[in-house]
Amino acid sequence: MKGIYFSYWLLGLMVALPSWAKTIPASASMGVEFELPQVEASIYARPYVAVWIEDKKRQPVRTIQLWVGDDEWLKDLRSWWRKVGRDDRSVVDAVTSATRPVGQHRFTWDGLDQQGNRVEQGDYIFYVEVVREHGGRNYIRQKITLGEESFDLQIAPTEETGNIALHYQLN
């Protein structure tokens, strides 16, 4: 009989634990500096870019940026498409914008998930996928820990990206 009560107690504890999780501070945000380099090619097309965050269980949390010229090319961002795009048209409609030219680009993630809720403190993965017609494909993963301490990270350039800098700040 004690085993049954313990099982119910343990189940109740497991259900209650997520409510104890602490969210990142309300003032927290992550600035992203993102460079698209000049690529020497006989035919150059602006790249398609997806930038998103996943939790430590590799579940999508938020698509931050999606630069695509036309919806028909979304599937070329294979990793993002498989995780998010093909199943959630509302994300595509809410986030998609035009492709960007060579140069420096800046944007900020407000620390909210796709439903507008503040994310919990903990480990996440920052992703960038860049695909260029008649060009290369780069897929970048960077582990990050969001909490009550600021950080700055530099991600090394690839064939299709220049430097990428992440600035997590508690304003």
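Quick look at the values:
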read-out: Isotropically averaged projected area of the range 80-146, using the convex hull of Cα atoms (one quarter of hull area), nm²; value: 5.9
read-out: Among Gly147, Gly85, Gly116, residue whose mean-square fluctuation peaks in a GNM of the chain (springs only between Cα atoms under 10 Å); value: Gly116
read-out: P(r) of the range 23-169 over all Cα-Cα pairs, binned every 5 Å from zero, in whole percent; value: 2, 9, 20, 23, 21, 14, 7, 2, 1, 0
read-out: Sulfur and carbon atoms: percent of accessible area, the chain [1.4 Å]; value: 50
read-out: Degrees between helix 2-20 axis and first principal axis of the chain (Cα, 0 to 90, nearest 10); value: 40
read-out: 222 nm mean residue ellipticity, helices alone, for the chain (DSSP H n ≥ 4; -39,500 (n - 2.57); rounded to 500); value: -5000 deg cm²/dmol
read-out: Solvent-accessible area per residue, Å², over the chain with all protein chains present [probe radius 1.4 Å]; value: 57
read-out: Cut-off of 10 Å, at most 11 other beta carbons, DSSP loop: longest stretch of the chain lacking such trypsin sites (Lys or Arg not before Pro); value: 59-171
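The values are calculated or read from the model by the stated rules, or taken from the named source; none is laboratory data. Computed from a prediction, not measured in an experiment: that's the story for all the values here. Positions of Cβ are generated from backbone atoms using ideal geometry, with glycine treated the same way; all protein chains shown enter the neighbour counts. We work out accessible area using only protein heavy atoms, side chains counted, and drop any ligands, DNA or RNA first. Shrake-Rupley method; radii C 1.70, N 1.55, O 1.52, S 1.80 Å.
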